[in-house]
1. In this structure, does residue 166 turn out to be buried (at least 17 other Cβ atoms within 10 Å of the Cβ), over 19 Å from residue 98 (Cα atoms) and touching a helix residue (DSSP H, G or I) at 6+ places or on another chain (Cβ under 8 Å)?
2. Residues that are closer than 26 Å to residue 165 by Cβ, assigned by TED's automatic domain parsing to the domain that holds residue 150 and at pLDDT 60 or above: find the strands (runs of 3 or more DSSP E) completely inside region 1-116 holding 1 or more of those.
3. Hey, among 144, 138, which residue is outside any loop (DSSP other than H, G, I, E, B) and touching a residue at least 60 places away in the same chain (Cβ under 8 Å)?
4. For region 172-181, does any single residue satisfy the condition of being assigned to a strand (DSSP E or B) and either surrounded by 15 or more Cβ atoms within 10 Å (Cβ to Cβ) or at pLDDT 95 or above (or both)?
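The values are calculated or read from the model by the stated rules, or taken from the named source; none is laboratory data. Treat the numbers as computed from the prediction; the structure is a model and nothing was measured. Quick reminder, even Gly has a Cβ in these numbers, built from the backbone with ideal geometry, and neighbours come from all protein chains shown.
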C-alpha cells in the first residue's frame, strides 16, 4: 500500500506473481489504473483558457479584397439576424480606396474577427461593421480591432468617428461607451428588422 498526497493506492507490479495467471494480473492492473484516472483525471482546458490563448496568440493585420470570401462568410455567421451584408457589398467595402479594414487571425490562420471602416466624403470615419466569431466573443477582440481602426483613421487625418448600434445591443453599447463614444441620436427603425438604432460619435486625439 502506497500513500500519495493523502490518498492510499495499491502498488502495482508489472509481472505476475508466481502462481497467478497473467489475465488476472492484467485485470487487477486495469482496475487500479481506472481508479487512478478517477482520482487524478486528465485536466482539460476550459473555454476561458482557450479564449485567452487565442487572444494572446492571434494577429491583427490589414484586410483587403483578397480576404473577400473569409470576411463574407464570417459576416454571415456574426449577423445571422438578417443584417449581414451580401458578398458584393463586402467586395465594394474592401476594395474602396477610402476603406480602413482589419482582421484578427488565429494561430491556425482562421479569420476570427474583423472591422470595416470607411472615410466618408465629409472626412468622417465610419465604422461600418465590427464582427467577432461567436466562439471567440468576450475575449477582447472587438476592443482590439476598434483601437486598430481608430488608429487607421487617425493616420489618414480623420478626427471624428461615427457608428451605429442597435438600441437593444447592450454589450456593444458598453464597449463603445468605454472607448469614449457618446450616443447623440436615436434612429427609429434604422435596421431592416425594424429595430431602432443609436448614432454614436467620438473625437480622436
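1. On the way: buried (at least 17 other Cβ atoms within 10 Å of the Cβ): yes; over 19 Å from residue 98 (Cα atoms): yes; touching a helix residue (DSSP H, G or I) at 6+ places or on another chain (Cβ under 8 Å): yes.
When the stated conditions are applied, residue 166 passes them.
2. Numbers: elements: 2-4, 7-9, 59-62, 99-105.
Fully inside region 1-116 and qualifying: 59-62, 99-105.
3. None of the others qualify; the one that does is 144.
4. For region 172-181, residues assigned to a strand (DSSP E or B) and either surrounded by 15 or more Cβ atoms within 10 Å (Cβ to Cβ) or at pLDDT 95 or above (or both): absent.
This table checks each residue for (1) within 19 Å of residue 115 (Cα to Cα); (2) assigned to a loop (DSSP other than H, G, I, E, B).
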| site | (1), (2) |
| --- | --- |
| 149 | yes, no |
| 162 | yes, no |
| 183 | no, no |
| 192 | no, yes |
| 195 | no, yes |
| 198 | yes, no |
